[in-house]
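We did not get these values from a lab; they are worked out from the coordinates using the rules stated. All figures in this text were calculated on a predicted structure; none of them were measured in a lab. Every residue, glycine as well, gets a Cβ built from its backbone with ideal geometry; the counts of neighbours run over all protein chains shown.
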Amino acid sequence: MTERIIRTKGIYDKFPRKGENNPAPSATHYCPGCGHGVLHKLIGEALADLELQDRAVMISPVGCAVFAYYYFDCGNIQVAHGRAPAVATGVSRATDKVVISYQGDGDLASIGLNETLQAANRGEKIAVFFVNNTVYGMTGGQMAPTTLVGEKTVTCPDGRDPMTQGYPLHMCELISSLKAPVFVERVALSDPKHIRGARAAIRKALQIQKEGKGYTFVEVLSPCPTNLGKSSVLNNEWINEEMAKEFPIQNFRDRTEEAQPIERAKSDFTDEALAKAFDLASLPATQENDDPNFGEAQVKISGFGGQGVLSLGTMLTAAAQAVGKQVSWYPSYGPEQRGGTSNCSVIVSGETIGSPVVYHPNLLVALNRPSLEKFKNDVVPGGTIMYDSIMGDVEIPEGVRGVAVPAQDLADAAGNPKGANTIMFGVMLELGITRLPAEAFKRALEAQFAKKPKLIPMNIEVLEYARKWVRENVK
Amino acid sequence: MAKKLVKGNTAVVIGALYAGSDCYFGYPITPASEVLHEASKYYPKLGRKFVQAESEEASINMCYGAASTGHRVFTASSGPGISLMQEGISYMAGAELPCVIVDIMRAGPGLGNIGPEQGDYNQVVKGGGHGNYKPIVLAPNSVQEMCDLTMLAFDLAFKWRTPTYVLADGVMGQLMESFTFPEKAVQPTIDTSWAVAGTPETRKNLVTSIFLDFQQLETFNNRLQEKYAKIAEAETRCQQTATDDADIVLVAYGISSRIAKTAMDTARKEGIKVGLFRPITLSPFPKKQLKALADKGASFISVEMSNGQMADDVRLAINCSRPVELVSRLGGNLITLDQVMDKIHALAK
């Protein structure tokens, strides 16, 4: 007698991943009457018929289908509980291949609900196959988000009570409330007629993937005789009579015709592309020169958020870099810079900089009174505090020089009312504490206004105006 | 060579792009958000892939997906976000996937605050997730190293097929310094021997961390431990400054090592023989090198913005053979020079 075995397409003939010396190498690990085997066959057959096996990646969830990779003859990835849609997103974005996320009700609708909805909402190019059998199978029959009202499970032994356990979650209905999904349908495996319907929906979903059109979601009402404590026949009747009332078997969305393929860009790794992205050609080729005799300037700049505190700091940093000095800039960050006071530390040095945080500045630039009060006592003896004269009378610690700068008045007088920051910058230069030459400051201004070159001469004028003011007014 | 003033967080993205990374998946959190911002700007510009994920759990699992395909993927976060990622990182270690994770540490526990701290040491260096695994952990202490060590992290992650961290603190992320662009960009290829890339040659491949059979899982775990031993042998890195004749060795990484360097210089000027030992790999931890200094009779001060998490590793490395003191600040505060000097003076007596 000749043996006649009809091989299932897209599924391995034997399942060595079940382990060595397995007594039933061509039998699945699923219980008798379970829907997973049927669904595997339908998906495998579609993968083969649509010639997708060489370009498909199957993602196995946590749940009874954790071992889906035993069976599917394509690339396989096994993932954490509920995270399959996120993993699928990563696979899809990286490769732009056909990606299948195969998940059960606990995995998809409970622990992974966020990933499920967000991947659907992004319209990821993935096919989700959702096995809804109203119960956690692998872990032993606990209540699932899709357990029917009144249905008994291990964790609702008296039947699901909506007053304490809520109502069944309707995933097709939720998913189809989103704009991005292309195809959403609920099918069942309860009898040959429904299986034919499921087959059609599965093939359609995978055809959409083949064409790269976007997100598809097929919910499969599936029997779990073991955990529902029913015979296979009764379980299937129950699906048709009870489950289908709660979860109507129907199409919810079909945009196959109007949906266009989603194109993904091709990654560019060339040096040329990187040089262009970072505009390397425009960068000055400076080299730090160690100069122990140069010493070190420790500057703290502080004021209200939005007063230009941080940009005054970055301009000073750019000035130091322009002439090859070591420099660091460290800001206060986060909510602090959105309200209240903001500050930054700038260190200019002839040698490698240790801690980039300035505790005891040689120069404190205080743009508002709270900053002045907060930091003035930290200034080293012999140090300088620059502050805006708009603050009026201030008390400067003994042994520290105070320089009151009428920044706005000077900017107005220099013919550039928006140049108060440049005035401060010019005063900083002329006071000499930063040890940097005028050349450095001018180059920093050029860099600052590189995108609006018209403003450069104007600001250099303001800078010179501030320098002159210092020479004439500051001892 | 092109130089630019950039923040540490920006340097990380530049390093990743030059290392051939083509996928970034991340979620906002201060003080790591600039990594996300810069990635959103540059990845699409270069045709590379960027997704702002719905959570850190999703971002690490998107990374798991892209890593499974053999592509060079990375993400960045900070304390609370790293805690959420631990499950995914354990799965990556179990599935032997290469991925780079950047942690710009903030102050904890709980919501804590956004100030700099180094309190993630244990959850990063020790593995953090479930199971017997160890990631590789690199600790930069300058903006230049934020880039360079990110590039190295990709190399090591792929060489050893293991998740690899760049562990930095809020200061390193926010600090701006002059930085030199990498000379050459890596041209990545897919390793078809294990990746699942949706191609004919990778069709038979499987990425998984499940071993149902107890013996099999034990064998796998033992093989992981052997791999970690090889990593320790081959990849341990540290920087020693003036440790040769040092009576006191400061042990510090990240921003704390910059402060410790200033303290070392100050102490040397006072005539106290202080050296600086900076682990560049926190995992593998440079045990042998520390042990050699202990054998020469040095005493140690662990300078860290955490509650002695690294000091414990120093004690283990030297088998408690010499005193190991701790200088620490918590809560978002930086260690001060005075604090370190006080401890040095106390030990020098």
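Taking the Cα centre as origin and putting +1 on Lys and Arg beta-carbons and -1 on Asp and Glu beta-carbons, what dipole magnitude results for the protein assembly as shown, to the nearest 20 debye?
960
Determine the equivalent ellipsoid of the stretch A:1-128 by diagonalising the alpha-carbon gyration tensor, then write out the semi-axes as square roots of 5 times the eigenvalues, largest first, rounded to whole Å.
27, 17, 12
How charged is the neighbourhood of A:VAL474? Take every other residue with its Cβ under 9 Å from the Cβ of A:VAL474, and add Lys/Arg as +1 and Asp/Glu as -1.
Overall, the nearby charge balance is +1.
Tell me the angle of helix A:36-49 to the major Cα principal axis of chain A, expressed in degrees between 0 and 90 and rounded to the nearest ten.
Tilt of helix A:36-49: around 70 degrees.
Which is farthest toward the positive dipole end of the protein assembly as shown among A:MET428, B:VAL143, A:SER26, measuring Cα position about the Cα centre, with Cβ charges +1 (Lys, Arg) and -1 (Asp, Glu)?
Sorting the options by dipole projection puts first A:SER26.
Under the rule that an exposed site lies in a DSSP loop and has at most 12 other Cβ atoms within 10 Å, name the longest stretch of chain A with no GluC sites (Glu not before Pro) of that kind, not counting the sites themselves.
A:52-256
Can you list, largest first and rounded to whole Å, the semi-axes you get for the stretch A:1-45 by taking the square root of 5 times each eigenvalue of its Cα gyration tensor?
One finds semi-axes of 17, 16, 11 Å for the stretch A:1-45.
Can you list the HN-Hα couplings for the stretch B:334-349, worked out from phi with the Karplus curve (6.51, -1.76, 1.60; θ = phi - 60°), rounded to whole Hz and with x for Gly and Pro?
8, 5, 9, 4, 4, 4, 5, 5, 4, 5, 4, 4, 5, 6, 6, 5
Output the 0 to 90 degree angle, nearest 10, between the alpha-carbon long axis of helix A:455-473 and the longest principal axis computed from the alpha carbons of chain A.
40
Using a ≥ b ≥ c from the Cα gyration tensor of the stretch A:246-396 (square roots of the eigenvalues), is it rounded, prolate or oblate, where a/c under 1.5 gives rounded and otherwise the larger of a/b and b/c decides, a/b for prolate?
oblate
Hey, which of these cross-link pairs are over 29 Å Cα-Cα: A:LYS18/A:LYS213; B:LYS41/B:LYS184; A:LYS325/B:LYS7; B:LYS4/B:LYS343? Kindly include the intermediate steps, with their values, before the conclusion.
Numbers: A:LYS18/A:LYS213 35 Å; B:LYS41/B:LYS184 21 Å; A:LYS325/B:LYS7 17 Å; B:LYS4/B:LYS343 37 Å.
From A:LYS18/A:LYS213; B:LYS41/B:LYS184; A:LYS325/B:LYS7; B:LYS4/B:LYS343, over 29 Å: A:LYS18/A:LYS213; B:LYS4/B:LYS343.
Of all the C-alpha pairs in the stretch B:109-266, what % are more than 24 Å from each other?
Values: 6390 of 12403 pairs.
Tail of the P(r) past 24 Å holds 52 percent of the pairs.
Please compute the alpha carbon radius of gyration of chain A, then divide it by the globular-protein estimate 2.2 N^0.38 Å. Two decimals is fine.
My calculation over the Cα atoms of chain A gives 1.53.
Quick one: pull the percentage of alpha-carbon pairs in the stretch A:16-254 with a separation above 33 Å. Kindly include the intermediate steps, with their values, before the conclusion.
Details: 3244 of 28441 pairs.
Tail of the P(r) past 33 Å holds 11 percent of the pairs.
Going by amide H atoms built from the backbone, whose H comes under 5 Å of the H on A:VAL128, apart from near neighbours?
Under 5 Å from the amide H of A:VAL128: A:SER101, A:THR216, A:PHE217, A:VAL218.
Take every Cα pair under 8 Å in chain A that's 6+ residues apart, average their separations, divide by the length, and report that relative contact order as a whole percent. All intermediate terms of the calculation are to be shown ahead of the outcome.
Values: 933 pairs, mean separation 43.6, N = 475.
Here the relative contact order equals 9 percent.
Taking amide hydrogens as modeled 1.01 Å from N in the peptide plane, which residues meet the under 5 Å criterion relative to B:PHE211, leaving out close sequence neighbours?
none
If a/c stays under 1.5 just call it rounded; otherwise compare a/b with b/c (prolate if a/b is bigger, oblate if not). Do that for the stretch B:115-190, with a ≥ b ≥ c from the square roots of the Cα gyration tensor eigenvalues. Intermediate results must be reported in sequence, preceding the final value.
Details: a/c = 3.53, a/b = 1.10, b/c = 3.23.
Note, shape of the stretch B:115-190 comes out oblate.
Quote the relative contact order of the stretch A:244-358 in percent (integer), defining contacts as alpha-carbon pairs under 8 Å separated by 6+ residues.
27
Provide, as a two-decimal number, the C-alpha radius of gyration of the stretch B:238-348 over 2.2 N^0.38 Å, N being how many residues it has.
Here the answer is 0.94, to two decimals.
Could you go through the stretch A:294-301 in sequence order and give the Karplus-derived ³J(HN,Hα) for each residue, using 6.51 cos²θ - 1.76 cosθ + 1.60 with θ = phi - 60°, rounded to whole Hz, and x for Gly and Pro?
5, x, 8, 10, 10, 10, 10, 10
Using the Karplus curve 6.51 cos²θ - 1.76 cosθ + 1.60 with θ = phi - 60°, work out ³J(HN,Hα) for each residue of the stretch B:271-276 in order, rounded to whole Hz, and write x for Gly and Pro.
x, 8, 7, 10, x, 10
Counting Lys +1, Arg +1, Asp -1, Glu -1, what net charge surrounds B:LEU282 among other residues with beta carbon under 14 Å of its beta carbon?
-3
How large is Rg over Rh for the stretch B:3-235, taking Rg from the Cα atoms and Rh as the Kirkwood inverse mean of 1/r across Cα pairs?
Details: Rg = 16.8 Å, Rh = 17.6 Å.
We get a ratio of 0.96 for the stretch B:3-235.
Under 5 Å between amide H atoms, partner at least 5 residues away or on a different chain: which partners does B:SER299 have, H built in plane at 1.01 Å?
B:ILE248, B:VAL249
Which distance in Å, rounded to a whole number, links the C-alpha centroids of the stretch B:157-226 and the stretch A:377-394?
53
Which residue fluctuates the most in chain B, going by a Gaussian network model with Cα springs under 10 Å, if the choices are B:LEU334, B:LEU46, B:LEU175?
So, out of B:LEU334, B:LEU46, B:LEU175, the one fluctuating most is B:LEU46.
For the protein assembly as shown, what is the percent of antiparallel DSSP beta bridges, rounded to the nearest 5?
Percent antiparallel among DSSP bridges in the protein assembly as shown is about 30.
What relative contact order, as a whole-number percentage, does the stretch A:343-396 give when Cα pairs under 8 Å and 6 or more residues apart are counted?
With pairs under 8 Å counted, the relative contact order is 32 percent.
Which trypsin sites (Lys or Arg not before Pro) in the stretch A:176-221 sit in a loop by DSSP (not H, G, I, E or B) and have at most 11 other Cβ atoms within 10 Å of their own Cβ?
Passing sites in the stretch A:176-221 are A:LYS179.
Specify whether the C-alpha gyration tensor of the stretch A:260-309 places it in the rounded, prolate or oblate class, a ≥ b ≥ c being the square roots of the eigenvalues: rounded for a/c under 1.5, otherwise prolate if a/b is larger than b/c and oblate if not.
Numbers: a/c = 4.80, a/b = 1.72, b/c = 2.79.
Oblate.
Based on alpha-carbon centroids, what's the gap between the stretch B:319-349 and the stretch A:164-232 in Å, whole number please?
After rounding, the separation between the Cα centres reads 62 Å.
At 4 °C and 1.567 mPa s, grab the translational diffusion coefficient of the stretch A:379-459 from Stokes-Einstein with a Kirkwood Rh over Cα pairs, rounded to a whole number in µm² per second.
Stokes-Einstein gives a translational diffusion coefficient of 93 µm²/s.
Binning at 10 Å from 0, report for the stretch B:287-333 what percent of all alpha-carbon pair distances ends up in each bin.
31, 50, 17, 3
Can you tell me the alpha carbon radius of gyration of the protein assembly as shown divided by the globular rule-of-thumb value 2.2 N^0.38 Å?
Dividing the Cα Rg of the protein assembly as shown by 2.2 N^0.38 Å gives 1.11.
What net charge do the residues around A:VAL462 carry, taking every other residue with its C-beta under 12 Å from that of A:VAL462, with Lys and Arg at +1 and Asp and Glu at -1?
On the way: positive: A:LYS418, A:LYS442, A:ARG467, A:LYS468; negative: A:ASP412, A:GLU461, A:GLU464.
Taking every other residue near A:VAL462 into account, the sum is +1.
Just tell me how shielded A:92-105 is by partners: mean number of partner chain Cβ atoms within 10 Å of each residue's Cβ, no decimals.
5
Among the DSSP beta bridges whose two residues both lie in the stretch A:16-254, what percent are antiparallel, rounded to the nearest 5?
15
Measuring from label point to label point, each 7 Å out along Cα→Cβ, what is the B:ARG237 to A:ASP393 span in nm?
5.9
For the stretch B:238-348, what proportion of DSSP beta bridges, expressed in % and rounded to the nearest 5, is antiparallel?
Once the DSSP bridges in the stretch B:238-348 are tallied, antiparallel ones form about 25 percent.
Among A:ILE11, A:ILE385, A:GLY106, which residue has its Cα positioned farthest towards the positive end of the charge dipole of chain A, with +1 placed on the Cβ of Lys and Arg, -1 on the Cβ of Asp and Glu, and the dipole taken about the Cα centre?
A:ILE11
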